[in-house]
Amino acid sequence: MTYKEIIKSLRAKDYKPVYFLHGEESFYIDSISDFIEEKVLTEGEKSFNQTIFYGKDTDSKTLIDTASRYPMMASHQVVILKEAQEMKSLQGLQPYIEKAVPTTILVVCHKHKKLDARTKFAKSLKEHAVLFESKKLYDNQVPDWIADYLKNKKLKINPNASQLIAEYLGRDLSKIANELNKLEINLQEGTTIDEKHVQENIGISKDYNVFELQKALGQRSILKVNRIIQYFVANPKKNPLVMVIGTLYNYFSKIYMLHFLRNLPDRDLSSALKLRSEYFLREYKLTARNYNLKKTQKVIAILKEYDLKSKGVENVSTSEGELMKEMVYKIMH
């Protein structure tokens, strides 16, 4: 089942005895678990029929004993195991999973990595439980996810604002959702969010952000690059060097790929580079014209060099701000 299918079935009160939620993206795991924790039982029923365990503090026998009980004055009991990846005897749940009590809803939250599908335990889950893998999104999928999330909040967002949030916050959906919730609180339903809304409510500058920096570097606009870097140096917590390097490395890695794929049709090229649309391809093509293959390789080498320096390799006392200035100077020259 997909995330949307699971939530839809839960809203319809079509409960399953076991939900095993695993994978690298914690947002969906938390969302499903929170829905069950908050919505299945009434406040009065929770006192006797809802139990939460943590993997490092429990074992499979204790969990099975609890899950095997019958509900008191309620149709179901809810048993949630959080941080299941820390429970050493997790696979000891297999006998219960194969003969689960139908009036118990057992939710197992196994975060940060997916379950090994080759094990007998995983095969048993696939046959007898709702087995959901929560996958990390690709970079180019995040802006659409943002738009979809806001649509459910009855808000719209323009492509540039969506891209700005994605570039600045990365792929951590929980972090993104927390910031988007600020927009829901502060804006009226039906609002189309633009860069100004993002700046006012989330604190990401529409003019001075890493997205604008990579664009300015691509255009070889020395004046704009210097203005952005001065802002970054003055606001180091908002624009840490490690985040800037990571974003630029991802950007110039795609420029490197573009040099080898430039004969492909635009649609195939956008897909290969994992761009959200052909609209963003124009910027990448301009950057590729300004940075030939040899220059692009040099930029990537510079980014690797300053990534090491930011971690103290061959750098004893130079500040992050000075490193950032040096880095972009070498890229531009």
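The values are calculated or read from the model by the stated rules, or taken from the named source; none is laboratory data. Here the structure is a predicted model, which means the values were calculated and not measured. Positions of Cβ are backbone-derived with ideal geometry, glycine not excepted, and every protein chain shown enters the neighbour counts.
Residues in the stretch 148-194 that are among the small types (Gly, Ala, Ser), assigned to a helix (DSSP H, G or I) and over 26 Å from Ile245 (Cα atoms): there are none. Would you confirm, using the coordinates I've provided, whether Val233 is in contact with a helix residue (DSSP H, G or I) (Cβ under 7 Å, 6 or more places away or on another chain) and under 16 Å from Lys330 (Cα atoms)? So Val233 does not fit the description; no. Looking at Ser60, Ser47, just one residue is surrounded by fewer than 21 Cβ atoms within 10 Å (Cβ to Cβ), of a type in the set (Gly, Ala, Ser) and modelled with pLDDT under 95, and that residue is Ser47.
Restrict the check to the stretch 221-237 and report whether at least one residue is small (Gly, Ala, Ser), modelled with pLDDT of 90 or more, crowded, with 19+ Cβ neighbours inside 10 Å and over 21 Å from the mean Cα position of the chain (by Cα). Scanning the stretch 221-237 turns up no residue that is small (Gly, Ala, Ser), modelled with pLDDT of 90 or more, crowded, with 19+ Cβ neighbours inside 10 Å and over 21 Å from the mean Cα position of the chain (by Cα).
Residues that are loosely packed, with under 14 Cβ neighbours inside 10 Å and either outside any helix (DSSP H, G or I) or touching a residue at least 60 places away in the same chain (Cβ under 8 Å) (or both) within the stretch 278-289 comprise just one, Tyr279.
Summed over the stretch 290-322, the residues that are closer than 16 Å to Met257 by Cβ and outside any helix (DSSP H, G or I) give a count of 2. Within the stretch 69-88, can you find the residues that are surrounded by 14 or more Cβ atoms within 10 Å (Cβ to Cβ) and out of contact with any strand residue (DSSP E or B) (no Cβ under 6 Å at 6 or more places or on another chain)? Answer for the stretch 69-88, where residues must be surrounded by 14 or more Cβ atoms within 10 Å (Cβ to Cβ) and out of contact with any strand residue (DSSP E or B) (no Cβ under 6 Å at 6 or more places or on another chain): Arg69, Ala74, Glu86, Met87. Restricted to the stretch 251-265, and to residues there that are more than 27 Å from the chain's Cα centre (by Cα) and not in a loop (DSSP other than H, G, I, E, B), the residue that is farthest from Thr296 (Cα to Cα) is Leu261.
Counting only strands (runs of 3 or more DSSP E) wholly contained in the stretch 1-95, the ones carrying 2 or more residues that are of a type in the set (Val, Ile, Thr) occupy 50-54, 77-82.
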